[in-house]
Amino acid sequence: MNAHYDVIVVGLGGIGSAVVFQVAARGKRVLGLEQFTAAHDRGSSHGESRIIRQAYFEDPSYVPLLRRAYELWEALERDSQTSLLTLTGGLFLGALASTIVTGSRLSAEMHGLPHEVWTAQEIRRRFPVFAPPPHFVGVYEKRAGLLQPEKAILAHLNLAERHGATLHFQEGVTAWEDAPSGEIRVTTVHGSYTADKIIFTAGAWTPRLLARLGLPLRVMRVVIHWFRPRAAAAAFALDRLPVHIWQKDDGISFYSFPALGDPTRVGVKVAFHDYEWHETTADTAERAVTEAEVQAMRACLETYIPALAGDVVASKTCLYTLTPDEHFVVGLHPLMPHVVLGAGYSGHGFKFAGVMGEILADLALEGQTRHPIQLFDMQRFGIGAS
Ligand SMILES: Cc1cc2nc3c(=O)[nH]c(=O)nc-3n(C[C@H](O)[C@H](O)[C@H](O)COP(=O)(O)OP(=O)(O)OC[C@H]3O[C@@H](n4cnc5c(N)ncnc54)[C@H](O)[C@@H]3O)c2cc1C
(Lines give C-alpha, C1' and ligand atoms only; values in the text may rest on other atoms or scores of the structure.)
Protein backbone atom coordinates (compact mmCIF):
# COMPACT_ATOMS: atom_id res chain seq x y z
CA MET A 1 0.00 0.00 0.00
CA ASN A 2 1.49 3.34 -0.96
CA ALA A 3 -0.56 6.45 -1.53
CA HIS A 4 0.46 10.11 -1.73
CA TYR A 5 -1.29 12.90 0.18
CA ASP A 6 -0.92 16.65 0.50
CA VAL A 7 -0.84 16.31 4.29
CA ILE A 8 -0.59 13.46 6.80
CA VAL A 9 -1.80 14.13 10.36
CA VAL A 10 -0.41 11.84 13.08
CA GLY A 11 -2.78 11.53 16.06
CA LEU A 12 -6.53 12.21 15.88
CA GLY A 13 -7.23 13.25 19.47
CA GLY A 14 -8.51 16.62 20.62
CA ILE A 15 -6.21 18.70 18.44
CA GLY A 16 -5.58 16.32 15.50
CA SER A 17 -9.31 15.83 14.85
CA ALA A 18 -9.63 19.61 14.38
CA VAL A 19 -6.57 19.66 12.11
CA VAL A 20 -7.88 16.97 9.71
CA PHE A 21 -11.16 18.88 9.54
CA GLN A 22 -9.41 22.18 8.71
CA VAL A 23 -7.10 20.68 6.10
CA ALA A 24 -9.90 18.72 4.40
CA ALA A 25 -12.22 21.75 4.43
CA ARG A 26 -9.55 23.63 2.46
CA GLY A 27 -9.84 21.03 -0.30
CA LYS A 28 -6.54 19.25 0.35
CA ARG A 29 -5.94 15.51 0.25
CA VAL A 30 -5.38 14.57 3.86
CA LEU A 31 -4.70 11.26 5.63
CA GLY A 32 -5.30 11.08 9.39
CA LEU A 33 -3.59 8.25 11.27
CA GLU A 34 -4.66 7.25 14.78
CA GLN A 35 -3.20 4.34 16.77
CA PHE A 36 -6.41 3.76 18.76
CA THR A 37 -10.15 4.28 18.12
CA ALA A 38 -11.95 7.61 17.72
CA ALA A 39 -12.41 9.46 21.04
CA HIS A 40 -10.61 6.76 23.08
CA ASP A 41 -9.67 7.22 26.75
CA ARG A 42 -5.91 6.60 26.82
CA GLY A 43 -4.64 10.07 25.91
CA SER A 44 -5.54 13.57 27.07
CA SER A 45 -8.99 14.27 25.62
CA HIS A 46 -11.51 12.05 27.43
CA GLY A 47 -13.63 12.35 30.56
CA GLU A 48 -16.82 14.07 29.38
CA SER A 49 -16.01 17.75 30.02
CA ARG A 50 -13.39 20.49 29.60
CA ILE A 51 -13.44 24.07 30.88
CA ILE A 52 -13.44 26.95 28.41
CA ARG A 53 -12.87 30.52 29.64
CA GLN A 54 -11.50 33.81 28.38
CA ALA A 55 -10.16 35.66 31.45
CA TYR A 56 -7.04 33.56 31.04
CA PHE A 57 -4.83 33.62 34.14
CA GLU A 58 -2.01 31.78 32.37
CA ASP A 59 -1.19 34.78 30.12
CA PRO A 60 -3.21 37.58 28.48
CA SER A 61 -1.75 36.74 25.08
CA TYR A 62 -4.05 33.68 24.86
CA VAL A 63 -7.14 35.91 24.76
CA PRO A 64 -7.18 36.67 20.98
CA LEU A 65 -6.89 32.93 20.32
CA LEU A 66 -9.74 32.30 22.74
CA ARG A 67 -12.00 34.77 20.96
CA ARG A 68 -11.43 32.81 17.75
CA ALA A 69 -11.81 29.50 19.64
CA TYR A 70 -15.34 30.44 20.73
CA GLU A 71 -16.30 31.38 17.16
CA LEU A 72 -15.02 28.06 15.86
CA TRP A 73 -16.79 25.98 18.53
CA GLU A 74 -20.04 27.74 17.66
CA ALA A 75 -19.43 27.11 13.95
CA LEU A 76 -18.72 23.43 14.66
CA GLU A 77 -21.97 23.16 16.62
CA ARG A 78 -23.85 24.60 13.64
CA ASP A 79 -22.10 22.46 11.01
CA SER A 80 -22.40 19.22 12.99
CA GLN A 81 -25.81 20.03 14.49
CA THR A 82 -24.44 18.89 17.86
CA SER A 83 -24.43 20.70 21.18
CA LEU A 84 -20.79 20.90 22.32
CA LEU A 85 -20.41 24.12 24.31
CA THR A 86 -22.51 24.98 27.37
CA LEU A 87 -22.04 28.43 28.87
CA THR A 88 -22.39 27.97 32.63
CA GLY A 89 -20.34 30.98 33.73
CA GLY A 90 -16.98 30.47 35.42
CA LEU A 91 -15.76 31.30 38.92
CA PHE A 92 -12.02 31.39 39.70
CA LEU A 93 -11.31 31.49 43.43
CA GLY A 94 -8.27 32.14 45.59
CA ALA A 95 -6.59 34.67 47.86
CA LEU A 96 -6.49 38.22 46.48
CA ALA A 97 -2.81 37.85 45.53
CA SER A 98 -3.10 34.29 44.11
CA THR A 99 -2.09 33.70 40.49
CA ILE A 100 -5.57 32.60 39.55
CA VAL A 101 -7.14 35.84 40.81
CA THR A 102 -4.45 38.30 39.68
CA GLY A 103 -3.97 36.53 36.35
CA SER A 104 -7.68 36.27 35.53
CA ARG A 105 -8.17 39.95 36.38
CA LEU A 106 -5.16 41.00 34.30
CA SER A 107 -6.43 39.21 31.19
CA ALA A 108 -9.96 40.52 31.71
CA GLU A 109 -8.79 44.12 32.22
CA MET A 110 -6.26 44.14 29.36
CA HIS A 111 -8.79 42.77 26.90
CA GLY A 112 -11.94 44.47 28.21
CA LEU A 113 -13.65 41.18 29.11
CA PRO A 114 -16.80 41.58 31.21
CA HIS A 115 -16.16 40.16 34.71
CA GLU A 116 -16.99 40.69 38.37
CA VAL A 117 -14.95 40.20 41.53
CA TRP A 118 -16.87 38.76 44.48
CA THR A 119 -15.97 38.50 48.18
CA ALA A 120 -16.12 35.15 50.00
CA GLN A 121 -19.37 36.29 51.60
CA GLU A 122 -20.91 37.11 48.22
CA ILE A 123 -19.78 33.74 46.83
CA ARG A 124 -21.38 31.87 49.76
CA ARG A 125 -24.58 33.85 49.29
CA ARG A 126 -24.84 33.02 45.58
CA PHE A 127 -23.61 29.42 45.82
CA PRO A 128 -24.24 28.07 49.33
CA VAL A 129 -22.46 24.77 48.51
CA PHE A 130 -19.15 26.67 48.20
CA ALA A 131 -17.21 27.29 51.44
CA PRO A 132 -14.36 29.66 50.53
CA PRO A 133 -12.18 30.83 53.44
CA PRO A 134 -13.00 34.46 54.40
CA HIS A 135 -9.89 35.89 52.66
CA PHE A 136 -10.78 34.29 49.27
CA VAL A 137 -12.26 36.26 46.40
CA GLY A 138 -13.72 34.98 43.14
CA VAL A 139 -13.40 36.35 39.61
CA TYR A 140 -16.66 35.60 37.82
CA GLU A 141 -16.82 35.42 34.04
CA LYS A 142 -20.18 34.91 32.40
CA ARG A 143 -18.86 33.64 29.04
CA ALA A 144 -17.05 30.65 30.56
CA GLY A 145 -18.44 27.14 30.40
CA LEU A 146 -17.78 23.58 29.39
CA LEU A 147 -17.07 21.63 26.23
CA GLN A 148 -17.81 17.95 25.69
CA PRO A 149 -14.53 16.56 24.33
CA GLU A 150 -15.55 13.14 23.00
CA LYS A 151 -18.52 14.64 21.13
CA ALA A 152 -16.30 17.43 19.78
CA ILE A 153 -13.70 14.97 18.47
CA LEU A 154 -16.38 12.90 16.72
CA ALA A 155 -17.94 16.05 15.23
CA HIS A 156 -14.59 17.18 13.79
CA LEU A 157 -13.82 13.69 12.43
CA ASN A 158 -17.27 13.30 10.83
CA LEU A 159 -17.03 16.68 9.13
CA ALA A 160 -13.47 15.95 8.01
CA GLU A 161 -14.70 12.78 6.29
CA ARG A 162 -17.56 14.69 4.74
CA HIS A 163 -14.92 17.00 3.21
CA GLY A 164 -13.08 13.98 1.80
CA ALA A 165 -10.46 13.23 4.49
CA THR A 166 -9.14 9.65 4.68
CA LEU A 167 -9.02 8.52 8.32
CA HIS A 168 -7.36 5.32 9.52
CA PHE A 169 -7.91 4.14 13.09
CA GLN A 170 -5.95 1.47 14.97
CA GLU A 171 -3.03 2.26 12.70
CA GLY A 172 -0.08 3.54 14.70
CA VAL A 173 2.83 5.34 13.03
CA THR A 174 6.06 3.45 13.72
CA ALA A 175 8.56 5.55 11.72
CA TRP A 176 8.78 8.64 9.55
CA GLU A 177 11.42 10.49 7.57
CA ASP A 178 11.88 13.72 5.67
CA ALA A 179 13.28 12.09 2.53
CA PRO A 180 15.99 13.82 0.46
CA SER A 181 13.51 13.93 -2.45
CA GLY A 182 11.53 16.51 -0.42
CA GLU A 183 8.64 14.28 0.50
CA ILE A 184 7.65 12.87 3.86
CA ARG A 185 7.57 9.08 4.21
CA VAL A 186 5.49 7.50 6.95
CA THR A 187 5.49 3.86 8.01
CA THR A 188 2.66 2.44 10.08
CA VAL A 189 1.79 -0.97 11.49
CA HIS A 190 -0.17 -1.61 8.27
CA GLY A 191 1.69 0.12 5.44
CA SER A 192 3.51 3.18 4.20
CA TYR A 193 2.43 6.53 2.76
CA THR A 194 4.01 9.69 1.42
CA ALA A 195 2.96 13.31 1.71
CA ASP A 196 4.15 16.85 1.00
CA LYS A 197 3.64 17.85 4.64
CA ILE A 198 3.21 16.15 7.99
CA ILE A 199 1.53 17.51 11.12
CA PHE A 200 2.25 15.86 14.47
CA THR A 201 -0.58 16.08 17.02
CA ALA A 202 0.40 13.02 19.00
CA GLY A 203 -0.18 14.39 22.51
CA ALA A 204 1.64 12.44 25.20
CA TRP A 205 3.32 10.24 22.56
CA THR A 206 5.17 13.25 21.06
CA PRO A 207 8.38 12.66 23.06
CA ARG A 208 8.68 9.22 21.42
CA LEU A 209 7.79 10.25 17.85
CA LEU A 210 9.98 13.37 17.86
CA ALA A 211 12.72 12.18 20.22
CA ARG A 212 15.51 13.68 18.09
CA LEU A 213 14.10 17.19 18.37
CA GLY A 214 14.88 17.15 22.09
CA LEU A 215 11.81 19.06 23.27
CA PRO A 216 11.69 19.42 27.06
CA LEU A 217 8.32 17.66 27.42
CA ARG A 218 7.29 15.74 30.55
CA VAL A 219 4.24 13.45 30.60
CA MET A 220 2.23 13.51 33.82
CA ARG A 221 -0.48 11.18 35.05
CA VAL A 222 -3.45 13.02 36.55
CA VAL A 223 -6.64 11.69 38.14
CA ILE A 224 -10.27 12.78 37.72
CA HIS A 225 -13.14 11.74 39.99
CA TRP A 226 -16.91 11.86 39.98
CA PHE A 227 -18.27 12.38 43.54
CA ARG A 228 -21.86 11.96 44.64
CA PRO A 229 -23.12 14.95 46.66
CA ARG A 230 -24.00 13.97 50.24
CA ALA A 231 -26.27 17.02 50.56
CA ALA A 232 -27.89 19.71 48.37
CA ALA A 233 -27.60 17.53 45.23
CA ALA A 234 -29.84 19.81 43.16
CA ALA A 235 -27.35 22.68 43.65
CA PHE A 236 -24.84 20.79 41.46
CA ALA A 237 -27.12 20.69 38.40
CA LEU A 238 -25.96 22.07 35.05
CA ASP A 239 -28.18 25.15 35.22
CA ARG A 240 -27.30 25.97 38.83
CA LEU A 241 -23.51 26.07 39.11
CA PRO A 242 -20.67 27.68 37.12
CA VAL A 243 -17.50 25.78 36.22
CA HIS A 244 -15.08 26.63 39.00
CA ILE A 245 -11.32 26.56 39.64
CA TRP A 246 -9.84 27.03 43.10
CA GLN A 247 -6.27 27.85 44.01
CA LYS A 248 -5.52 26.95 47.62
CA ASP A 249 -3.05 28.91 49.74
CA ASP A 250 -0.40 26.19 49.16
CA GLY A 251 -0.60 27.02 45.43
CA ILE A 252 -2.33 23.75 44.42
CA SER A 253 -5.41 24.06 42.21
CA PHE A 254 -8.49 21.94 41.77
CA TYR A 255 -11.56 22.40 39.59
CA SER A 256 -15.07 21.08 39.20
CA PHE A 257 -18.03 21.19 36.84
CA PRO A 258 -21.78 21.19 37.29
CA ALA A 259 -23.16 17.68 36.68
CA LEU A 260 -24.00 16.54 33.14
CA GLY A 261 -27.08 14.64 34.31
CA ASP A 262 -28.66 13.83 37.67
CA PRO A 263 -25.88 14.65 40.21
CA THR A 264 -26.83 11.75 42.51
CA ARG A 265 -26.65 9.26 39.63
CA VAL A 266 -23.75 10.41 37.40
CA GLY A 267 -21.80 12.24 40.11
CA VAL A 268 -20.04 15.59 39.92
CA LYS A 269 -16.64 15.74 38.22
CA VAL A 270 -13.78 17.16 40.28
CA ALA A 271 -9.99 16.94 39.96
CA PHE A 272 -6.73 18.40 41.13
CA HIS A 273 -4.82 20.22 38.43
CA ASP A 274 -1.36 19.95 39.97
CA TYR A 275 -1.43 17.72 43.06
CA GLU A 276 1.26 15.00 43.25
CA TRP A 277 2.04 14.91 39.55
CA HIS A 278 3.60 11.56 38.67
CA GLU A 279 5.96 11.72 35.74
CA THR A 280 5.38 8.81 33.38
CA THR A 281 5.17 7.93 29.70
CA ALA A 282 2.06 7.51 27.60
CA ASP A 283 2.65 3.76 27.22
CA THR A 284 3.58 2.95 30.82
CA ALA A 285 1.24 5.23 32.83
CA GLU A 286 -0.49 3.47 35.73
CA ARG A 287 -4.19 3.55 34.91
CA ALA A 288 -5.54 2.29 38.25
CA VAL A 289 -6.58 4.95 40.77
CA THR A 290 -5.69 4.34 44.43
CA GLU A 291 -7.84 4.76 47.51
CA ALA A 292 -5.29 7.32 48.78
CA GLU A 293 -5.97 9.45 45.68
CA VAL A 294 -9.72 9.32 46.30
CA GLN A 295 -9.14 10.25 49.97
CA ALA A 296 -6.94 13.22 49.07
CA MET A 297 -9.69 14.60 46.83
CA ARG A 298 -12.37 13.98 49.45
CA ALA A 299 -10.30 15.75 52.13
CA CYS A 300 -10.03 18.80 49.88
CA LEU A 301 -13.79 18.76 49.24
CA GLU A 302 -14.46 18.55 53.00
CA THR A 303 -12.85 21.98 53.31
CA TYR A 304 -14.07 23.83 50.22
CA ILE A 305 -17.24 22.06 48.98
CA PRO A 306 -18.34 19.89 51.93
CA ALA A 307 -21.70 18.95 50.38
CA LEU A 308 -19.78 17.15 47.60
CA ALA A 309 -17.63 14.97 49.88
CA GLY A 310 -19.81 11.86 49.44
CA ASP A 311 -19.07 8.50 47.75
CA VAL A 312 -16.94 8.34 44.66
CA VAL A 313 -18.92 7.17 41.60
CA ALA A 314 -15.91 6.73 39.30
CA SER A 315 -12.26 7.74 38.94
CA LYS A 316 -10.08 7.81 35.83
CA THR A 317 -6.59 8.77 34.79
CA CYS A 318 -5.64 11.26 32.08
CA LEU A 319 -2.30 12.53 30.74
CA TYR A 320 -0.79 16.01 30.62
CA THR A 321 2.19 16.81 28.38
CA LEU A 322 3.97 19.64 30.19
CA THR A 323 6.50 22.16 28.93
CA PRO A 324 8.76 23.92 31.48
CA ASP A 325 6.71 27.16 31.33
CA GLU A 326 3.38 25.36 30.68
CA HIS A 327 2.86 27.25 27.41
CA PHE A 328 2.27 25.21 24.23
CA VAL A 329 4.76 24.19 21.54
CA VAL A 330 3.35 25.09 18.12
CA GLY A 331 5.31 25.71 14.96
CA LEU A 332 7.36 24.47 12.05
CA HIS A 333 10.17 22.03 12.75
CA PRO A 334 13.31 24.22 12.88
CA LEU A 335 15.26 22.03 10.45
CA MET A 336 12.48 20.43 8.39
CA PRO A 337 10.08 22.93 6.82
CA HIS A 338 7.63 20.17 5.78
CA VAL A 339 7.09 19.17 9.40
CA VAL A 340 4.62 20.95 11.69
CA LEU A 341 4.11 20.30 15.39
CA GLY A 342 1.40 21.02 17.96
CA ALA A 343 2.22 19.61 21.41
CA GLY A 344 2.98 20.38 25.05
CA TYR A 345 -0.55 21.57 25.76
CA SER A 346 0.29 21.35 29.48
CA GLY A 347 -3.19 20.42 30.70
CA HIS A 348 -5.02 23.40 29.21
CA GLY A 349 -5.17 22.84 25.45
CA PHE A 350 -8.58 21.40 24.71
CA LYS A 351 -10.50 24.68 24.56
CA PHE A 352 -8.12 25.75 21.77
CA ALA A 353 -8.64 22.64 19.60
CA GLY A 354 -10.60 24.43 16.86
CA VAL A 355 -8.23 27.37 16.60
CA MET A 356 -5.21 25.05 16.81
CA GLY A 357 -6.70 23.20 13.82
CA GLU A 358 -6.73 26.49 11.94
CA ILE A 359 -3.18 27.43 13.00
CA LEU A 360 -1.59 24.04 12.25
CA ALA A 361 -3.36 23.87 8.85
CA ASP A 362 -2.09 27.41 8.08
CA LEU A 363 1.48 26.44 8.99
CA ALA A 364 1.39 23.26 6.90
CA LEU A 365 -0.29 24.78 3.84
CA GLU A 366 1.00 28.38 3.89
CA GLY A 367 4.10 28.23 6.07
CA GLN A 368 2.69 30.95 8.35
CA THR A 369 -0.42 31.99 10.25
CA ARG A 370 -2.16 35.28 11.06
CA HIS A 371 -2.76 34.09 14.62
CA PRO A 372 -0.40 35.26 17.41
CA ILE A 373 1.67 32.20 18.35
CA GLN A 374 4.96 33.78 19.47
CA LEU A 375 4.43 32.44 23.00
CA PHE A 376 4.56 28.87 21.64
CA ASP A 377 7.84 29.20 19.70
CA MET A 378 10.20 26.28 20.41
CA GLN A 379 13.18 28.65 20.15
CA ARG A 380 12.48 29.58 23.77
CA PHE A 381 13.99 26.21 24.70
CA GLY A 382 17.03 26.85 22.52
CA ILE A 383 15.65 24.57 19.81
CA GLY A 384 16.32 25.85 16.31
CA ALA A 385 17.91 29.07 17.61
CA SER A 386 20.79 30.17 15.39
C1 LIG B 1 -7.75 15.51 33.43
C2 LIG B 1 -7.58 16.55 32.38
C3 LIG B 1 -8.30 17.72 32.46
C4 LIG B 1 -8.14 18.72 31.51
N5 LIG B 1 -8.91 19.83 31.60
C6 LIG B 1 -8.86 20.76 30.63
C7 LIG B 1 -9.77 21.82 30.60
O8 LIG B 1 -10.63 21.92 31.47
N9 LIG B 1 -9.70 22.71 29.58
C10 LIG B 1 -8.77 22.59 28.60
O11 LIG B 1 -8.76 23.44 27.70
N12 LIG B 1 -7.89 21.58 28.58
C13 LIG B 1 -7.92 20.65 29.56
N14 LIG B 1 -7.07 19.59 29.54
C15 LIG B 1 -6.02 19.52 28.53
C16 LIG B 1 -6.53 19.08 27.20
O17 LIG B 1 -7.51 18.08 27.33
C18 LIG B 1 -5.35 18.62 26.36
O19 LIG B 1 -4.41 19.69 26.29
C20 LIG B 1 -5.76 18.24 24.95
O21 LIG B 1 -6.85 17.36 25.00
C22 LIG B 1 -4.57 17.63 24.24
O23 LIG B 1 -5.00 17.12 22.99
P24 LIG B 1 -3.98 16.35 22.04
O25 LIG B 1 -4.68 16.20 20.75
O26 LIG B 1 -2.65 17.03 22.09
O27 LIG B 1 -3.77 14.93 22.76
P28 LIG B 1 -4.67 13.61 22.60
O29 LIG B 1 -6.09 13.94 22.59
O30 LIG B 1 -4.16 12.61 23.57
O31 LIG B 1 -4.36 13.13 21.13
C32 LIG B 1 -3.13 12.58 20.71
C33 LIG B 1 -3.48 11.41 19.81
O34 LIG B 1 -2.34 10.97 19.10
C35 LIG B 1 -2.46 9.56 18.97
N36 LIG B 1 -1.13 9.03 18.66
C37 LIG B 1 -0.02 9.15 19.43
N38 LIG B 1 1.01 8.53 18.85
C39 LIG B 1 0.56 8.00 17.69
C40 LIG B 1 1.19 7.25 16.66
N41 LIG B 1 2.48 6.88 16.71
N42 LIG B 1 0.42 6.88 15.60
C43 LIG B 1 -0.89 7.23 15.52
N44 LIG B 1 -1.52 7.93 16.50
C45 LIG B 1 -0.79 8.32 17.56
C46 LIG B 1 -2.99 9.13 20.32
O47 LIG B 1 -3.53 7.83 20.33
C48 LIG B 1 -4.01 10.22 20.59
O49 LIG B 1 -5.29 9.85 20.12
C50 LIG B 1 -7.22 18.56 30.47
C51 LIG B 1 -6.49 17.38 30.36
C52 LIG B 1 -6.68 16.37 31.30
C53 LIG B 1 -5.87 15.11 31.16
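The values are calculated or read from the model by the stated rules, or taken from the named source; none is laboratory data. As the structure is a prediction and not an experimental result, all values here were calculated from the model. Positions of Cβ are backbone-derived with ideal geometry, glycine not excepted, and every protein chain shown enters the neighbour counts. Keep in mind that these areas ignore ligands, DNA and RNA; they rest on the heavy atoms of the full protein, side chains included. Shrake-Rupley method; radii C 1.70, N 1.55, O 1.52, S 1.80 Å.
Would you please name the residue that is nearest to GLY16 (Cα to Cα), looking only at residues in the range 376-386 that are among the aliphatic types (A, V, I, L, M) and open to solvent by less than 50 Å² (accessible area, probe 1.4 Å)? Write out each step before concluding.
First pass over the range 376-386, keeping only residues among the aliphatic types (A, V, I, L, M): 378, 383, 385.
Filter once more, so that each one left must be open to solvent by less than 50 Å² (accessible area, probe 1.4 Å): 378, 383.
Values: MET378: 19, ILE383: 23 Å.
By that ranking, first place goes to MET378.
Number of residues in the range 279-295 that are open to solvent by 20 Å² or more (accessible area, probe 1.4 Å) and closer than 14 Å to ILE224 by Cα: the value is 9. Residues in the range 202-241 that are closer than 30 Å to ILE359 by Cβ, part of a helix (DSSP H, G or I) and more than 18 Å from the chain's Cα centre (by Cα): ARG208, LEU209, ALA211, ARG212, LEU213.
Selection of first residues in the range 342-370 that are away from the ligand (no atom under 16 Å from the Cβ) and open to solvent by less than 20 Å² (accessible area, probe 1.4 Å) and of second residues that are at pLDDT 95 or above and of a type outside the set (Val, Ile, Thr), restricted to Cβ pairs under 7 Å at least 6 apart or on distinct chains, gives the following pairs, ordered by first then second residue: ASP362/GLN368.
With the structure loaded, tell me whether ASP249 is within 21 Å of THR119 (Cα to Cα), more than 12 Å from the ligand (Cβ to nearest atom), in contact (Cβ under 8 Å) with a residue 12 or more places away in the chain and surrounded by fewer than 19 Cβ atoms within 10 Å (Cβ to Cβ) or whether it fails that test. Working first, answer last.
Numbers: within 21 Å of THR119 (Cα to Cα): yes; more than 12 Å from the ligand (Cβ to nearest atom): yes; in contact (Cβ under 8 Å) with a residue 12 or more places away in the chain: yes; surrounded by fewer than 19 Cβ atoms within 10 Å (Cβ to Cβ): yes.
It is true that ASP249 is within 21 Å of THR119 (Cα to Cα), more than 12 Å from the ligand (Cβ to nearest atom), in contact (Cβ under 8 Å) with a residue 12 or more places away in the chain and surrounded by fewer than 19 Cβ atoms within 10 Å (Cβ to Cβ).
For every residue, the table says whether it meets (1) touching a strand residue (DSSP E or B) at 6+ places or on another chain (Cβ under 9 Å); (2) more than 15 Å from the ligand (Cβ to nearest atom); (3) in a loop (DSSP other than H, G, I, E, B).
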{"site": "LYS28", "(1), (2), (3)": "yes, yes, yes"}
{"site": "THR37", "(1), (2), (3)": "no, no, yes"}
{"site": "LEU65", "(1), (2), (3)": "no, no, no"}
{"site": "THR82", "(1), (2), (3)": "no, yes, yes"}
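Would the range 64-83 turn up any residue that is within 27 Å of ALA232 (Cβ to Cβ) and open to solvent by less than 50 Å² (accessible area, probe 1.4 Å)?
no
Does any residue of the range 159-166 turn out to be surrounded by 22 or more Cβ atoms within 10 Å (Cβ to Cβ) and either modelled with pLDDT of 95 or more or within 12 Å of the ligand (Cβ to nearest atom) (or both)?
Pass one, the range 159-166, residues surrounded by 22 or more Cβ atoms within 10 Å (Cβ to Cβ): 160, 165.
In the following step, the residues that additionally are either modelled with pLDDT of 95 or more or within 12 Å of the ligand (Cβ to nearest atom) (or both) were identified as 160, 165.
Yes, some residue in the range 159-166 is surrounded by 22 or more Cβ atoms within 10 Å (Cβ to Cβ) and either modelled with pLDDT of 95 or more or within 12 Å of the ligand (Cβ to nearest atom) (or both).
Pairing residues of the range 82-96 that are within 20 Å of LEU159 (Cβ to Cβ) with residues that are polar (S, T, N, Q), at Cβ distances under 7 Å and at least 6 apart in sequence or on separate chains, gives LEU84/GLN148. The lone criterion from (1) touching a strand residue (DSSP E or B) at 6+ places or on another chain (Cβ under 7 Å); (2) within 16 Å of the ligand (Cβ to nearest atom); (3) open to solvent by 80 Å² or more (accessible area, probe 1.4 Å) left unmet by VAL173 is number (3).
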